[in-house]
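Reviewing the structure listed below.
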Amino acid sequence: MKVKTVAEYVASGEKPEILFWVGCAGSFDARAKKVSIAFAKILSSVGISFAILGNEESCTGDPARRAGNEFLFQMSAIQNIETLNSYEVQKIVTTCPHCFNTLKNEYPKIGGKYEVLHHTQLIQSLIEEGKLKIEGGAFAGKRVTYHDSCYLGRVNGEYEAPRAILNELDATFIEMDENKTRGLCCGAGGAQMFKEDEPGDKRINVQRVEQAMKTQPDVIAANCPFCITMLMDGLKAKEKQDDVMVCDISELIVQSNGL
Amino acid sequence: MTIAQIIFILLTIAVFTVAFRQFKRVVDNIKLGKSEDIAGDSVQRWQNVALVAFGQKKMFKRFIPAILHFFIYAAFLMTQVELIEIFIDGFFGVHRFFADKLGVLYTMIIGFIEILSVLAFVSTLVFLWRRNILKVPRFIKPEMNGWPKLDGNLILYGEILLLIGIFSMNGADVVLQKLDPAHYPDTGTLPVSSWLGPALFGGLGEGALHMVERFGWWLHILVVFGFILYLPYSKHLHIFFAFPNVYFSKLKSRGEMENMPEIMNEVKSMMGLIEDTGDMSDDIPEFGSRDIRDLSWKTILEAYTCTECGRCTSECPANITGKKLSPRKIMMDIRDRAEEVGTKIRSGNPEYIAEDKKEAGATLTIDNFDDGKSLFDYITNEELYACTTCNACVEACPVMISPVEPILEMRRYDILTNSQGPSDWLPMFNSMENGGAVWQLPDERGAWTKEIEA
């Protein structure tokens with residue numbers, strides 16, 4: 001399987017159906033790269049033609065903007081919008097809810113207007129349209145709980161798409177007490193990912209993992225590369241990393257369907 | 001005209017004159033903020049007012065306090081009907097002006113108010129218990145020490161006085177209706193006072209009953225006057241401000257931070273995408289919010305609307321894990337700083353004119369104001385930088401306040417104007433600027449695809 005860039009599509013005179021915005025984590029972080037691969041496999045398995053920007057993609061600017069560095073944000077955003085507009089991109093899907101939010105809600109004011117989907121939304125619609133069917137088996141008897149990322153959930157109001165997918169698995173799905181609008185942050189947002197915590201009693205990711213552990217999960221499903229890092233670190237702090245897996249929803253589908 | 005009438009009329013005029021000034025003070029303080037065009041869909045805005053402010057939709061995320069609060073709120077709204085009668089009676093020296101005019105309807109209205117009042121009375125006692133004996137955690141956070149704690153209790157004491165007033169007045173009246181029907185028109189059977197009145201005051205003589213009735217009437221109206229004068233100094237202001245605050249709350253996505261067109265245009269012109277607008281050449285610009293004048297007026301309205309319930313703080317991941325950040329404290333600090341700046345500006349003291357703007361005959365305004373302090377004297381960086389922008393506080397607020405917005409505006413000031421901020425962020429900023437990614441890595445961005453091809 002070959003993942004092509006938009007430039008490669010253009011060179012061969014074709015146009016992809018959708019742009020897969022990979023994001024910094026999906027491109028560089030060892031754990032998040034696996035999510036990029038999983039999602040690319042899903043897209044490819046259903047025959048959607050997709051492209052990435054490759055080296056022409058840069059950070060959307062979300063962490064810079066929320067850190068307060070508007071100059072850096074604008075530089076990133078304007079650069080990206082120039083690139084996207086030059087390829088006449090109309091539809092974008094991304095595996096990162098921070099990229100999703102910035103592309104969807106913040107780029108329009110700067111001149112970038114696109115239809116933007118989070119990968120769980122696209123996957124849900126593929127399932128609804130019957131194009132993607134989740135095979136059973138892999139998760140039979142497993143307990144799965146789900147962590148809402150702030151930027152997909154509370155900020156953009158998407159609580160149902162990920163749950164609809166999880167309900168297709170043959171696992172037992174158990175909600176944490178703190179779910180949907182009351183889902184606790186993993187601790188990474190607002191550029192916290194890139195700095196040490198302020199003094200306090202405990203780390204936010206540890207608190208979140210404690211909440212998740214109450215459901216006695218085999219798997220904590222997530223939808224954000226930064227949440228995945230944070231939850232895995234939290235499990236390590238609790239020495240539960242060998243008992244509980246943290247997976248992106250796309251990875252669960254890949255495992256189920258043996259892609 | 002009786003002496004009572006004269007006292008009532010003079011008192012009403014005095015209370016409303018003073019109250020007008022105090023409310024104007026608050027409105028002036030709100031206007032110290034930056035102008036912000038609140039545009040868009042008034043249908044959606046009125047819908048928010050109907051559901052969130054009037055209908056208390058967001059309160060019901062926590063059912064028990066919501067239902068108790070709803071009783072007090074409903075009693076407050078309905079009592080306004082009775083208050084109209086109290087004003088008519090007070091001005092014209094009549095007694096229960098509407099009683100014989102409305103007949104059964106009057107009995108129903110007063111009866112309904114009585115039932116709500118009992119529910120409100122119980123709710124008020126439960127609230128006092130929650131604050132002072134049960135000590136619900138969100139009411140005993142550090143920012144609640146001192147005045148905020150007393151403020152919360154004073155309001156509840158005031159409510160109890162109001163209810164004592166209503167039931168003394170109605171209870172004595174019911175007994176008097178039997179003794180002196182000429183002066184005390186029949187109110188019909190009231191659900192509470194018709195048994196509470198005889199039970200409490202049944203043995204009293206006519207003179208004593210008359211005293212109790214007048215005591216109740218005056219107590220009620222005096223506490224109402226007290227509340228009107230007290231509101232502009234109290235968190236209780238939410239009973240009015242919740243409505244405009246919800247109306248003016250942002251309709252755009254929570255995920256969209258306020259764009260900064262001046263920086264956008266500067267960057268676009270740097271990149272040769274637009275003509276240089278020259279906006280930034282004349283002055284060293286200040287970005288973000290350092291003080292009250294740099295905040296949107298809407299944020300200051302939010303600060304005055306906050307009733308310190310602490311739902312935001314109890315949902316804040318930073319606060320839950322023991323960090324200093326409390327979204328409620330951010331709003332309280334903004335309000336307190338707005339009070340301080342407003343008071344100093346109204347003093348007209350030329351001492352508060354900024355050094356570089358001190359010219360002969362210059363008068364003190366918000367534009368040349370400098371008292372050597374700022375919001376940063378109230379809110380520390382430790383608080384600002386603990387925010388994960390998760391929006392749990394925004395979600396939790398029953399009156400649609402956003403503590404995230406001023407936090408991010410103050411970060412903008414610290415980073416863009418002060419060039420400060422956590423040093424941990426510098427590598428991230430540098431790699432974004434130089435490599436277009438949050439991490440500086442030797443790999444190519446598309447290198448991950450090799451793994452899939454293999």
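The values are calculated or read from the model by the stated rules, or taken from the named source; none is laboratory data. The model shown is predicted, which means the values in this text are computed figures rather than measured ones. Positions of Cβ are backbone-derived with ideal geometry, glycine not excepted, and every protein chain shown enters the neighbour counts.
Can A:Ile42 be described as farther than 30 Å from B:Ile263 by Cβ, more than 10 Å from chain B (Cβ to nearest Cβ) and surrounded by fewer than 20 Cβ atoms within 10 Å (Cβ to Cβ)?
No.
Considering only region B:419-444, how many residues are of a type in the set (A, V, I, L, M, F, W, C) and either within 41 Å of the chain's Cα centre (by Cα) or loosely packed, with under 14 Cβ neighbours inside 10 Å (or both)?
Residues meeting the conditions: 6.
Just checking, how many residues over region A:102-140 are of a type in the set (Ser, Thr, Tyr) and either buried (at least 21 other Cβ atoms within 10 Å of the Cβ) or under 12 Å from the mean Cα position of the chain (by Cα) (or both)?
3
Out of the residues in region A:1-37 meeting the condition of being within 11 Å of chain B (Cβ to nearest Cβ) and part of a loop (DSSP other than H, G, I, E, B), tell me which one is surrounded by the fewest Cβ atoms within 10 Å (Cβ to Cβ).
It comes out as A:Lys2.
Within region B:162-216, track down each residue that is surrounded by 15 or more Cβ atoms within 10 Å (Cβ to Cβ), more than 38 Å from the chain's Cα centre (by Cα) and more than 22 Å from B:Lys101 (Cα to Cα).
Within region B:162-216, B:Leu200, B:Phe201, B:Leu204, B:Leu209, B:His210 qualify.
Would you please name the residue that is farthest from B:Gly255 (Cα to Cα), looking only at residues in region A:148-182 that are within 14 Å of chain B (Cβ to nearest Cβ) and of a type in the set (Phe, Trp, Tyr)?
The residue in question is A:Tyr159.
Restrict the check to region B:379-392 and report whether at least one residue is crowded, with 19+ Cβ neighbours inside 10 Å, part of a loop (DSSP other than H, G, I, E, B) and more than 9 Å from chain A (Cβ to nearest Cβ).
Taking every residue of region B:379-392 in turn, at least one turns out to be crowded, with 19+ Cβ neighbours inside 10 Å, part of a loop (DSSP other than H, G, I, E, B) and more than 9 Å from chain A (Cβ to nearest Cβ).
How many residues, within region A:183-197, are more than 7 Å from every other protein chain (Cβ to nearest Cβ) and not in a loop (DSSP other than H, G, I, E, B)?
1
Conditions (1) of a type in the set (Val, Ile, Thr); (2) crowded, with 16+ Cβ neighbours inside 10 Å; (3) closer than 21 Å to A:Val254 by Cα; (4) assigned by TED's automatic domain parsing to the domain that holds A:Gly47, marked per residue:
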| site | (1), (2), (3), (4) |
| --- | --- |
| A:Gly153 | no, yes, no, no |
| A:Gly157 | no, no, no, no |
| A:Val219 | yes, yes, yes, no |
| A:Asp233 | no, yes, no, no |
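Testing B:Ile38 on (1) of a type in the set (Val, Ile, Thr); (2) in a helix (DSSP H, G or I); (3) not assigned by TED's automatic domain parsing to the domain that holds B:Ser123, one condition comes back false. Which one is that?
Checking B:Ile38 against (1) of a type in the set (Val, Ile, Thr); (2) in a helix (DSSP H, G or I); (3) not assigned by TED's automatic domain parsing to the domain that holds B:Ser123, the one that fails is (2).
Inspect region B:247-256 for any residue being under 37 Å from the mean Cα position of the chain (by Cα), buried (at least 16 other Cβ atoms within 10 Å of the Cβ), more than 9 Å from chain A (Cβ to nearest Cβ) and not in a loop (DSSP other than H, G, I, E, B) and give the result as yes or no.
Among the residues of region B:247-256, at least one is under 37 Å from the mean Cα position of the chain (by Cα), buried (at least 16 other Cβ atoms within 10 Å of the Cβ), more than 9 Å from chain A (Cβ to nearest Cβ) and not in a loop (DSSP other than H, G, I, E, B), which makes the answer yes.
Being hydrophobic (A, V, I, L, M, F, W, C), more than 27 Å from A:Lys195 (Cβ to Cβ) and touching a residue at least 40 places away in the same chain (Cβ under 8 Å) is true for just one of B:Ile415, B:Ile379, B:Ile366. Which residue is that?
Of B:Ile415, B:Ile379, B:Ile366, the one residue that is hydrophobic (A, V, I, L, M, F, W, C), more than 27 Å from A:Lys195 (Cβ to Cβ) and touching a residue at least 40 places away in the same chain (Cβ under 8 Å) is B:Ile366.
Pick from region A:47-101 the residues that are facing chain B (nearest Cβ under 8 Å) and among the β-branched types (Val, Ile, Thr): which of them is surrounded by the most Cβ atoms within 10 Å (Cβ to Cβ)?
Result: A:Ile52.
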